[in-house]
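**Q** Before I ask anything, let me first share the structure, which is written out below as structure tokens.
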Amino acid sequence: MKLPPNVSEADFTAALKEFAAVVGGQWLFTTDDDLYLYRDSYSPMWDEADERTASAAVAPDNADEVVALVKIANRYRIPIYPISTGKNLGYGGAAPACAGSVVLDLKRMNRIVEIDERHGYVVVEPGVSYFDLYNHIQEKGLKLWIDCPSPGWGSVMGNALDGGVGVTLAPYRNHFEAQCGIEVVLPDGRMMRTGMGALPGAKTWQQFRPGFGPRIDGLFKQSNFGVVTKMGFWLMPPPENFTTGVVTIPRFHDLIPLIDIIGRLEQSKIVQGLWMLSSPTTGTRGDAAHGGGAPKIDPAILPVLTDPDGVNMDRLDAAAQAAGLPFWACEFNLYGPKKLIEAQWECICDAVGVIKGARFKLNEIRKLPLPADELKSLFDVGQFGIPSLRTFGLGPMVSYEGEDVVGHIFFSPVIPRTGEAAIEAMEVFAAIARKHKLPYPPLQFPSSIFERAFLFAVGLPVTRSAVVNAKIRDVFRELVVIATARGWGEYRTAPAFYDLIMETYSYNDHALRDFLGTIKEAVDPNGIMSVGRYGIWPRHLRDAGKNGR
Amino acid sequence: MLTRRTLVGAGLAFAASACAGGFGACGSTAQRKPDARPIDALLIDETIETPPQMAAFIESAARTLPVVGLQLDAAAYAKLIGVLGKSRAIVGISSGATLFCLERMAWDHGFRLTQRTDHCAGDACLEDVAAILSGARALAASPLILVRTYRPSRADGMLHAWVMQKSASLPIRQGRREV
Ligand SMILES: Cc1cc2nc3c(=O)[nH]c(=O)nc-3n(C[C@H](O)[C@H](O)[C@H](O)COP(=O)(O)OP(=O)(O)OC[C@H]3O[C@@H](n4cnc5c(N)ncnc54)[C@H](O)[C@@H]3O)c2cc1C
């Protein structure tokens with residue numbers, strides 16, 4: 001029997017018995033076969049002594065059962081680790097942050113508590129997945145759209161609590177920013193509601209985020225201060241139409257004015273859809289990733305792209321000019337009434353038109369929803385608010401260092417929304433990839449998913465070889481050091497790196513970490529809740545955190 | 001010319017008419033060994049290129065059990081959940097990438113992967129599936145560690161024939177619930 005840290009076998013056995021009495025024995029999982037499902041399939045520590053595996057899992061059906069379980073955990077000081085659907089692949093899967101924790105599996109709590117078309121919101125329990133919510137909206141014929149991450153099997157709540165993101169309109173893409181109202185069971189077993197929800201019988205819980213007094217919702221993102229049992233989210237009315245508009249600009253350094261111009265358009269809320277950078281020098285955007293075979297690259301450009309010393313941007317720029325190819329392409333997703341799309345596009349053309357040689361192409365404006373057959377043929381449908389698992393369609397890269405690749409971990413730094421930073425990040429991360437022979441595209445571009453900063457996510461291969469995984473962890477650490485030195489911090493990370501990343505947020509001798517530690521002591525004196533998550537540890541287990549740095 | 005998709009689609013349409021009597025009515029094939037545990041559905045990955053024999057195979061399989069085309073999208077998800085809810089054992093052919101997703105969705109419905117073979121060619125997978133459907137190959141009693149180690153990839157060109165069976169654990173995901 002695997003035991004939680006600092007818990008005797010007798011106490012653990014007694015606690016499990018009490019857990020079973022609350023939920024029913026069939027919802028307490030202790031066999032190896034069942035606990036296998038709570039291992040992180042993408043763990044970079046698979047089968048190593050430090051792999052974070054659960055000692056048991058328990059699956060309540062409702063918030064009252066959660067309250068009872070939390071109280072028992074407190075009495076026996078059992079670390080519990082709530083998950084919603086536990087599909088956090090790339091950032092920890094269903095595994096706990098601290099080995100030996102009991103996973104509180106909330107999948108059974110899958111009620112859509114309330115959905116309001118008039119005000120555009122939904123209140124969900126943890127087990128409601130994007131698939132569930134989407135299918136519910138379709139079946140009821142509600143005029144609502146969701147914003148979903150690439151994998152549609154995840155939880156609306158779990159994704160938001162981990163800081164997840166989607167791909168439609170800016171106000172909805174950052175899922176925690178699109179939440180309005182949280183119900184949470186605090187570590188002492190007391191239930192609390194945030195915002196207007198604190199007013200009994202409130203009629204505006206999902207309509208007025210600030211509430212009264214300090215706004216504390218953010219304390220429940222990437223933290224360990226409670227089990228969230230209900231959460232409200234803002235949804236959008238379905239846009240009438242969709243199209244993409246493509247801007248190309250000729251020179252490598254044109255990226256700098258381009259990003260500034262788009263930034264102004266975004267700050268003015270003229271550009272609200274996601275926009276994606278690519279380079280015609282590497283072929284059509286995403287061809288290979290979309291299963292359409294390798295992109296067609298101009299033969300004159302190929303030698304520059306495949307140079308073993310890395311892509312020299314000046315040479316690539318010159319080669320692109322000689323081949324008559326623009327260096328950059330930027331594709332905008334445009335939504336809304338036809339006249340709004342046309343007006344947005346006109347604004348984009350006017351603004352970007354100051355860059356010499358800029359070219360513009362607005363594709364056909366299509367009425368939504370698109371026909372099912374057409375949707376079927378697309379690689380991704382997230383931009384239409386439709387969840388899928390197509391992102392897994394090809395799977396991860398096949399092999400690294402002679403080992404089968406089974407998944408990946410994301411290194412996810414946030415970099416300034418400038419052309420200068422984008423160019424610097426592209427060069428810096430490509431150099432690391434070359435040094436370690438990582439499977440990496442010749443050019444990788446930052447993502448505009450956040451509103452005011454770029455995300456530069458790098459997927460690192462995970463294998464089942466401890467040696468290769470140890471190397472990847474070293475590469476990860478190297479990336480963190482390099483990024484931190486440049487002032488680029490990670491927005492999210494896998495449990496194996498929680499402490500490493502929290503260590504980098506060290507302003508004024510770790511004032512932030514200490515403050516979070518103080519809150520932890522106050523609200524969770526026994527240190528039972530999601531121990532170690534995002535580098536926040538109870539006092540008695542802080543040494544475990546230090547080992548992780 | 002039949003494309004693979006129309007082919008799977010045809011198989012599905014056929015299955016729907018052949019199995020109008022419901023799942024239970026389709027649980028065994030004519031050639032099945034009498035003591036073999038019935039397979040409740042055949043799942044075919046629609047994202048892979050499959051050999052021409054697949055057409056004939058699906059058509060014959062569809063006479064006796066539902067054939068479900070697997071796509072990694074919301075509509076297919078709803079269909080899949082329906083199949084998992086009514087089945088105790090399912091057999092399929094897919095890439096590692098699709099199997100990876102399917103396996104995890106099936107876990108939530110109480111299923112475990114209990115058999116898996118790996119082939120570069122689709123017809124070898126067909127043979128495996130045929131053997132399982134006819135009962136010539138017995139179903140494993142419990143999940144084997146070995147069946148879990150496969151590449152979750154389509155890019156490697158590998159196809160897998162597999163079996164998933166309901167385990168002793170209850171399905172943790174029930175139907176969607178509204179308050
Ligand atoms: C190929 C691929 C593509 C991906 N694309 C994206 C993407 O586009 N966008 C994106 O955001 N992510 C992406 N991911 C990462 C991840 O798969 C998703 O974010 C996924 O939605 C997270 O899993 P989940 O929703 O099941 O959340 P969970 O795993 O249920 O939750 C995540 C964490 O939040 C905490 N938590 C969850 N529920 C509660 C609760 N009720 N109370 C307290 N704490 C809780 C737990 O610590 C848990 O570990 C991708 C992953 C892969 C492999």
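The values are calculated or read from the model by the stated rules, or taken from the named source; none is laboratory data. Given the structure is predicted, the values throughout are model-derived calculations rather than measurements. When we count neighbours, we look across all protein chains shown, and the Cβ atoms used for this are built from the backbone with ideal geometry, even at glycine.
**Q** Would you please name the residue that is farthest from the other protein chains (Cβ to nearest Cβ), looking only at residues in segment A:133-153 that are within 12 Å of the ligand (Cβ to nearest atom) and of a type in the set (Gly, Ala, Ser)?
**A** Only one residue fits best here, namely A:SER150.
**Q** Find the residue count for segment A:96-117, including only residues that are within 14 Å of the ligand (Cβ to nearest atom) and within 14 Å of chain B (Cβ to nearest Cβ).
**A** 10
**Q** Could you list, in sequence order, all residues of segment A:407-439 that are assigned to a loop (DSSP other than H, G, I, E, B), within 16 Å of the ligand (Cβ to nearest atom) and modelled with pLDDT of 95 or more? Step through it out loud before you land on a result.
**A** Within segment A:407-439, the subset assigned to a loop (DSSP other than H, G, I, E, B) is A:412, A:417-418, A:436-439.
If we keep only those that are within 16 Å of the ligand (Cβ to nearest atom) as well, we get A:412, A:439.
The answer is A:SER412, and nothing else.
**Q** Now for a different question. Six or more apart or on different chains, Cβ atoms under 8 Å: show the pairs whose first residue is in segment B:77-95 and over 17 Å from A:ASN135 (Cα atoms) and whose second is of a type in the set (Lys, Arg).
**A** B:SER87/B:LYS166; B:ARG88/B:ARG37; B:ARG88/B:LYS166; B:ALA89/B:ARG37; B:ALA89/B:LYS166; B:SER95/B:ARG154
**Q** Something else now. Pull up segment A:188-236, narrow it to residues that are within 16 Å of the ligand (Cβ to nearest atom), among the small types (Gly, Ala, Ser) and closer than 20 Å to A:GLU177 by Cβ, then point me to the one that is farthest from the other protein chains (Cβ to nearest Cβ). Before the answer, list the steps.
**A** Applying the first criterion (within 16 Å of the ligand (Cβ to nearest atom)) to segment A:188-236 yields A:188-194, A:197, A:216-233.
Imposing the further condition that a residue be among the small types (Gly, Ala, Ser) reduces the set to A:189, A:197, A:218, A:223, A:226, A:232.
If we keep only those that are closer than 20 Å to A:GLU177 by Cβ as well, we get A:197, A:218, A:223, A:226, A:232.
Details: A:GLY197: 16, A:GLY218: 27, A:SER223: 25, A:GLY226: 21, A:GLY232: 13 Å.
The residue in question is A:GLY218.
**Q** Step by step: first the residues of segment B:131-158, then only those that are touching a Lys or Arg at 6+ places or on another chain (Cβ under 9 Å) and closer than 16 Å to B:ILE39 by Cα, then the one that is nearest to the other protein chains (Cβ to nearest Cβ). Which residue is that? If you could, list the steps in order and put the result at the bottom.
**A** Taking segment B:131-158 as the starting set, the residues that turn out to be touching a Lys or Arg at 6+ places or on another chain (Cβ under 9 Å) are B:131, B:133-136, B:138-139, B:142-144, B:146-150, B:158.
Then drop every residue that is not closer than 16 Å to B:ILE39 by Cα, which leaves B:131, B:133-136, B:138-139, B:142.
Values: B:ALA131: 26, B:LEU133: 26, B:SER134: 28, B:GLY135: 25, B:ALA136: 27, B:ALA138: 20, B:LEU139: 16, B:SER142: 8 Å.
Out of the qualifying residues, it is B:SER142.
**Q** While we're looking at this one, here's another question. Being closer than 23 Å to B:ASP45 by Cα, within 11 Å of chain B (Cβ to nearest Cβ) and part of a helix (DSSP H, G or I) is true for just one of A:ASP373, A:ASP380. Which residue is that? Spell out how you get there, then give the answer.
**A** On the way: A:ASP380 fails: part of a helix (DSSP H, G or I).
Going through A:ASP373, A:ASP380 in turn, the sole match is A:ASP373.
**Q** Separate question: I'm trying to understand the selection: among the residues of segment A:350-370, which are part of a helix (DSSP H, G or I) and within 15 Å of A:ALA329 (Cβ to Cβ)? So that I can check it myself, show each step before the final result.
**A** First pass over segment A:350-370, keeping only residues part of a helix (DSSP H, G or I): A:350-352.
Correct list: A:VAL352 only.
**Q** State yes or no: is A:ASP404 within 30 Å of A:ASP309 (Cβ to Cβ), touching a residue at least 12 places away in the same chain (Cβ under 8 Å) and either within 14 Å of the ligand (Cβ to nearest atom) or within 14 Å of chain B (Cβ to nearest Cβ) (or both)?
**A** Considered against the rule, which asks whether it is within 30 Å of A:ASP309 (Cβ to Cβ), touching a residue at least 12 places away in the same chain (Cβ under 8 Å) and either within 14 Å of the ligand (Cβ to nearest atom) or within 14 Å of chain B (Cβ to nearest Cβ) (or both), A:ASP404 comes out as yes.
**Q** For segment A:73-95, name all the residues that are more than 6 Å from the ligand (Cβ to nearest atom), over 20 Å from A:TRP46 (Cα atoms) and either crowded, with 22+ Cβ neighbours inside 10 Å or of a type in the set (Phe, Trp, Tyr) (or both).
**A** Matches in segment A:73-95: A:ALA73, A:TYR76, A:ILE78, A:PRO79, A:ILE80.
**Q** Turning to a different aspect of this structure: Among the residues of segment A:146-179, write down those that are more than 25 Å from A:VAL58 (Cα to Cα), in a strand (DSSP E or B) and in contact with a helix residue (DSSP H, G or I) (Cβ under 8 Å, 6 or more places away or on another chain).
**A** Those that are more than 25 Å from A:VAL58 (Cα to Cα), in a strand (DSSP E or B) and in contact with a helix residue (DSSP H, G or I) (Cβ under 8 Å, 6 or more places away or on another chain): A:VAL165, A:GLN179.
**Q** Then there's this: A:TYR130 passes all but one of (1) more than 13 Å from the ligand (Cβ to nearest atom); (2) in contact with a Cys (Cβ under 7 Å, 6 or more places away or on another chain); (3) more than 26 Å from A:LYS269 (Cα to Cα); which number fails?
**A** The number of the failed condition is (1).
**Q** Of all residues in segment A:346-383, count the ones that are aromatic (Phe, Trp, Tyr) and buried (at least 20 other Cβ atoms within 10 Å of the Cβ). Spell out how you get there, then give the answer.
**A** Pass one, segment A:346-383, residues aromatic (Phe, Trp, Tyr): A:360, A:379.
Of the ones still in play, those that are also buried (at least 20 other Cβ atoms within 10 Å of the Cβ) are none.
Selection size over segment A:346-383: 0.
**Q** Of all residues in segment B:93-115, count the ones that are surrounded by fewer than 24 Cβ atoms within 10 Å (Cβ to Cβ) and in a strand (DSSP E or B).
**A** Qualifying residue count for the region: 3.
**Q** Being surrounded by 15 or more Cβ atoms within 10 Å (Cβ to Cβ), closer than 30 Å to A:TYR76 by Cα, of a type in the set (Phe, Trp, Tyr) and at pLDDT 95 or above is the requirement here; does A:TYR498 meet it?
**A** Working: surrounded by 15 or more Cβ atoms within 10 Å (Cβ to Cβ): yes; closer than 30 Å to A:TYR76 by Cα: yes; of a type in the set (Phe, Trp, Tyr): yes; at pLDDT 95 or above: yes.
Yes; evaluated as a whole, the condition is true for this residue.
**Q** From the residues in segment A:33-60 that are touching a helix residue (DSSP H, G or I) at 6+ places or on another chain (Cβ under 9 Å) and hydroxyl-bearing (Ser, Thr, Tyr), which one is farthest from A:LEU460 (Cα to Cα)?
**A** Across segment A:33-60, the extreme among qualifying residues is A:SER55.
**Q** Quick one: is B:ARG63 among the basic types (Lys, Arg) and more than 14 Å from every other protein chain (Cβ to nearest Cβ)?
**A** On the way: among the basic types (Lys, Arg): yes; more than 14 Å from every other protein chain (Cβ to nearest Cβ): yes.
Criteria met by B:ARG63.
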